[in-house]
Amino acid sequence: MIDSVILHIPHSKLELPAKYLGDILVSDDVLRLNVYSDADLYVDQLFEGDVLSLKPLFSRYACDVERFRDDSEEYESKRGRGLYYTHFQDGRQFRKYSAQARQQALEELYDPHHALFTQKVKRKLQDYKKCYIIDCHSFADKIGYPDFCIGTDNFHTPTDLQEQLQNFLELTGYKVQVNFPYSGCITPMEYYQKDDRVKSIMIEVNKRLYLDETTFNKNFSFNNIRKLCQDMIGLIASHAN
């Protein structure tokens, strides 16, 4: 077990329990297609190994645990994509907003996940005096998008670690951008901008590298990309040591 590292893998699952569906405005097929398209499919398999991982066992369409708890602090809530989604990525509404349903998702999914996350980080700090969080994601390919995105936080991401990861990927032949197309990285709110013993960095993998985005099946490069992700975990673990 890599001692001081935690993988946070929030969007890899597809399960959408009926109790959190609410008043759906689209067909089952349309909903299912968007749930698959928005999922970070197989990211858990790319990154998981000999390291502690934390991942919800439900789709982000049930509750997105990476959004801010308070919608007034969450930019995506303006698009109907706070912790309780009402709209697809393309802006179409797929269900009616329900304050009661949002509260249920908050109490039964969001808060328990973050309580466990905070507990795991606290334990790492107690045992190793530091904790490195790797925020693991993937993104859909678009023209001009890189192969990998590294997300950083000015307080929690060591600059030399970001540079080491970027250099490693570029020397391997991949195109990398920092904080594009997505930015930032997660830290439990108890430690956010307060405790620099908690380090965090986000790694986003372009989906075209490891799957067919039309069939959602793994492609022939999956094992190579998994090896690359494991090597990046090793690099981060070395920095932690």
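The values are calculated or read from the model by the stated rules, or taken from the named source; none is laboratory data. Computed from a predicted model, the values in this text were never measured in an experiment. Glycine also receives a Cβ, built like all others from the backbone with ideal geometry; neighbour counts cover every protein chain displayed.
Structure above, values below:
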read-out	value
Residue that is farthest from the chain's Cα centre (by Cα) [pool: residues in the range 153-185 that are part of a helix (DSSP H, G or I) and more than 19 Å from residue 132 (Cβ to Cβ)]	171
The range 165-203: number of residues that are within 16 Å of residue 228 (Cβ to Cβ), surrounded by fewer than 17 Cβ atoms within 10 Å (Cβ to Cβ) and either touching a Pro at 6+ places or on another chain (Cβ under 9 Å) or acidic (Asp, Glu) (or both)	2
Filter result for the condition that a residue is touching an Asp or Glu at 6+ places or on another chain (Cβ under 9 Å), among the basic types (Lys, Arg), surrounded by fewer than 20 Cβ atoms within 10 Å (Cβ to Cβ) and touching a residue at least 40 places away in the same chain (Cβ under 8 Å), over 55, 19	19
Residue match in the range 10-24 (condition: under 24 Å from residue 233 (Cα atoms) and among the β-branched types (Val, Ile, Thr))	no
Lone qualifier among 100, 126, 104 - being exposed (fewer than 14 other Cβ atoms within 10 Å of the Cβ), modelled with pLDDT of 95 or more and over 21 Å from residue 49 (Cα atoms)	126
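Let's see how each residue does on (1) touching a strand residue (DSSP E or B) at 6+ places or on another chain (Cβ under 6 Å); (2) modelled with pLDDT under 95; (3) part of a strand (DSSP E or B); (4) under 27 Å from residue 189 (Cβ atoms):
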| residue | (1), (2), (3), (4) |
| --- | --- |
| 11 | no, no, no, yes |
| 22 | yes, yes, no, yes |
| 26 | no, no, no, no |
| 36 | no, no, no, no |
| 59 | no, no, no, yes |
| 62 | no, no, no, yes |
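Okay, residues lined up against (1) within 16 Å of residue 110 (Cα to Cα); (2) touching a residue at least 12 places away in the same chain (Cβ under 8 Å); (3) aromatic (Phe, Trp, Tyr):
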{"residue": "31", "(1), (2), (3)": "no, yes, no"}
{"residue": "38", "(1), (2), (3)": "no, yes, no"}
{"residue": "47", "(1), (2), (3)": "no, yes, yes"}
{"residue": "65", "(1), (2), (3)": "yes, yes, no"}
{"residue": "80", "(1), (2), (3)": "no, yes, no"}
{"residue": "90", "(1), (2), (3)": "no, no, no"}
